[in-house]
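Input: a single structure, listed below in structure tokens.
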Amino acid sequence: MRVILPSWYPNMKYTEFLSSAKRHNHACRVLKEKLDSLGDGCAEDVEYKFLVLSLYYLSGYIIECSIKYKIFQLENYDLHSDVNEEECEKAGINYKKKIKTHNFNRLQNYLDSLVSGINHVSEKNEINKLINEWTPEIRYSTVELSYEQVKELYSHTNNFLKMI
């Protein structure tokens, strides 16, 4: 059995960002199926709201992990090197300023400097609002989210992952 380590763990290889994005995508698909099975009548239930928030939270990580994977791939990062400050420095990547962030715009700017045509931004303003408000700390929040909008966000992040 292979143990999956958190993204901050120093022995992570860059290809694990893509694996993580795919795992988050699978979890989102299961959450969406569960939410769809519960129906609109449960929209005020605590469990329903928790599942919507979880779908939102994990959808954001699909974007983050996908962008980070693509950056390393385009930088021709060594498949066998760990993703950490020291190894990134050897590859000419400023880990603290360019990689160790949850800010999609900063990551997107870095990606744009390497290639054009791969963008996490949606054509829909409501989806971009959700993307712009996403932070890892959202999991600790009790914000009210529209399941329909979060479902659209997940669809968008799923399509983004396919581009990677």
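Determine which member of the set S81, S122 is farther than 16 Å from T15 by Cα and either modelled with pLDDT of 95 or more or touching a helix residue (DSSP H, G or I) at 6+ places or on another chain (Cβ under 7 Å) (or both).
Result of the check over S81, S122: S122.
Here is a list: Y56, Y110, Y95. Which entry is free of Cβ contacts under 8 Å to residues at least 24 places away in the same chain and among the aromatic types (F, W, Y)?
Y95
Only residues in the range 1-29 that are closer than 16 Å to I67 by Cβ count as the first member; pair them with residues that are modelled with pLDDT of 90 or more and among the charged types (D, E, K, R), Cβ under 6 angstrom, at least 6 apart or cross-chain, and list the lot.
F17/K68
Only helices (runs of 4 or more DSSP H) wholly contained in the range 62-164 count here; list those with 3 or more residues that are under 23 Å from R23 (Cβ atoms) and open to solvent by less than 70 Å² (accessible area, probe 1.4 Å).
104-114, 125-133, 147-163
What do you reckon, is K96 within 24 Å of D36 (Cβ to Cβ) and either out of contact with any Leu (no Cβ under 7 Å at 6 or more places or on another chain) or of a type in the set (V, I, T) (or both)?
No; evaluated as a whole, the condition is false for this residue.
Filter the range 11-42 for residues that are among the aliphatic types (A, V, I, L, M), open to solvent by less than 40 Å² (accessible area, probe 1.4 Å) and at pLDDT below 95 and give the result.
M12
Considering only residues that are within 16 Å of the chain's Cα centre (by Cα) and not hydrophobic (A, V, I, L, M, F, W, C), which ones fall in the range 111-133?
Passing the criteria: N119, H120, S122, N128, K129, N132, E133.
Enumerate the pairs (first residue in the range 140-156 and acidic (D, E); second residue anywhere and crowded, with 17+ Cβ neighbours inside 10 Å) with beta-carbon separation below 6 Å, excluding pairs fewer than 6 apart on the same chain, so at least 6 apart or on different chains.
Correct list of pairs: E152/I127.
The values are calculated or read from the model by the stated rules, or taken from the named source; none is laboratory data. This structure is a prediction, so every number in the text was calculated from the model and none was measured. Here the Cβ is made from the backbone with ideal geometry for all residues, glycine too, and neighbour counts use every protein chain on show. Accessible surface is based on the protein model in full, side chains and every heavy atom, while ligands, DNA and RNA are left aside. Shrake-Rupley method; radii C 1.70, N 1.55, O 1.52, S 1.80 Å.
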